[in-house]
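Scroll down for the structure; my scribbles are underneath it.
The values are calculated or read from the model by the stated rules, or taken from the named source; none is laboratory data. Everything numeric in this text was worked out from a predicted model, so none of it was measured. Here the Cβ is made from the backbone with ideal geometry for all residues, glycine too, and neighbour counts use every protein chain on show. Accessible surface areas use protein heavy atoms only, side chains included; no ligands, DNA or RNA. Shrake-Rupley method; radii C 1.70, N 1.55, O 1.52, S 1.80 Å.
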Amino acid sequence: MSDYAFFHKQFMPLSEAKIGVLTHALHYGTACFEGIRGNWDSKEGRFCVFRLQDHYKRMLGGCRMLRITLPYSVDKLCQLTGELVERSGYRQDVYIRPLAYKSSEALGVRLHNLDDDFLIVVTTLPPYLDAENGVRSCVSSWRRVDDTMIPPRGKICGIYANSALAKTEACENGFDEAILLTQDGHVSEGSGENIFLVTGGKLITPLPSDNILMGVTRDSVMTLAKNELGIDTIERQVDRSELYVAEECFFTGTAANVAPILEIDHRPIGNGKIGKVTAKLQKLFAEVMVGRNAKYPEWYYLVSPKL
Ligand SMILES: Cc1ncc(COP(=O)(O)O)c(C=O)c1O
């Protein structure tokens with residue numbers, strides 16, 4: 001059992017997968033990636049890869065933006081991922097990181113006249129935020145990149161310099177996570193998560209046009225809230241001060257799952273404890289993620305390793 005890669009169209013231990021120092025994507029951020037969880041179900045002896053097709057659909061959207069052409073359909077990408085997970089030998093929860101990138105070893109900022117390549121890594125990822133106890137957050141002094149700069153609806157590597165600036169600033173100031181505002185001062189999202197508010201018993205979350213990544217977890221939580229709890233989500237512009245007076249707030253993301261926000265800018269959210277709606281959604285999502293909800297079969301890609 002080890003970290004494994006699909007690289008240069010072959011499966012190999014991660015330690016053997018190397019790229020050249022002049023690789024275009026390394027210098028210019030000309031790549032897009034995904035983060036996907038494959039949850040190990042020891043009872044059934046299989047991995048339940050969460051919304052694999054949806055992650056690959058989003059990645060192929062990013063490829064279009066960056067003019068990366070891959071010789072793979074969504075189905076083929078899923079099949080390669082399944083084979084990689086199986087070959088890794090892991091029999092525990094895994095984290096899958098596909099990356100489509102400009103692979104030419106060439107200097108010069110552009111998207112054209114460059115080769116494209118694709119790799120996948122399977123590894124493990126400890127909890128990214130303390131979803132169990134809740135997190136303390138702050139509004140960042142950095143603003144979220146705009147669609148007119150680098151399109152945030154693609155998970156484009158270069159954008160993550162923006163996220164990294166915000167995350168490190170937040171951590172060095174004693175917080176767990178940053179919340180970024182748009183150029184015109186509306187709430188956008190966390191450095192690696194979407195954000196939700198609970199106000200008047202309803203869920204509120206920023207609009208796609210407020211430069212968010214269209215999160216797979218965001219969509220799952222909206223669906224679960226509606227179907228399982230009868231709670232509608234309103235997608236609309238959100239002011240910074242609405243965060244301070246919300247009844248509850250939480251982040252959603254593949255790395256963070258559903259992570260309650262207990263405090264923003266030193267102001268407790270609600271009573272400063274994990275809210276009721278957040279707790280219900282956390283529980284529902286945790287069950288759904290590991291395949292224990294027969295209502296959403298299209299959300300799972302099952303990988304059953306030969307034992
Ligand atoms: C900037 C950003 N926003 C939101 C998300 C949440 O997206 P998802 O739920 O698809 O993981 C992520 C994580 O990929 C992210 O990096």
Of those in the stretch 186-198 that are touching a Gly at 6+ places or on another chain (Cβ under 8 Å) and assigned to a loop (DSSP other than H, G, I, E, B), the residue most open to solvent (accessible area, probe 1.4 Å) is 192
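Hand me the list of strands (runs of 3 or more DSSP E) wholly inside the stretch 55-168 holding 2 or more residues that are free of Cβ contacts under 8 Å to residues at least 40 places away in the same chain. Spell out the reasoning first.
Values: elements: 94-102, 116-123, 135-143.
Ranges flagged: 135-143.
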Flagged in the stretch 231-260 as within 16 Å of the ligand (Cβ to nearest atom), out of contact with any Phe, Trp or Tyr (no Cβ under 6 Å at 6 or more places or on another chain) and either under 15 Å from residue 203 (Cβ atoms) or without any contact (Cβ under 8 Å) to a residue 40 or more places away in the chain (or both), in numbering order, are 233, 235, 238, 249, 251, 252
query: Based on what the data block shows, is residue 91 open to solvent by 40 Å² or more (accessible area, probe 1.4 Å), in contact with a strand residue (DSSP E or B) (Cβ under 8 Å, 6 or more places away or on another chain), more than 26 Å from residue 249 (Cβ to Cβ) and not aromatic (Phe, Trp, Tyr)?
result: yes
The correct count of residues that are in contact with a strand residue (DSSP E or B) (Cβ under 6 Å, 6 or more places away or on another chain) and under 14 Å from residue 197 (Cβ atoms) in the stretch 241-258 is 10
If you go through 235, 298, 287, the only one that is of a type in the set (Asp, Glu) and surrounded by 15 or more Cβ atoms within 10 Å (Cβ to Cβ) is 235
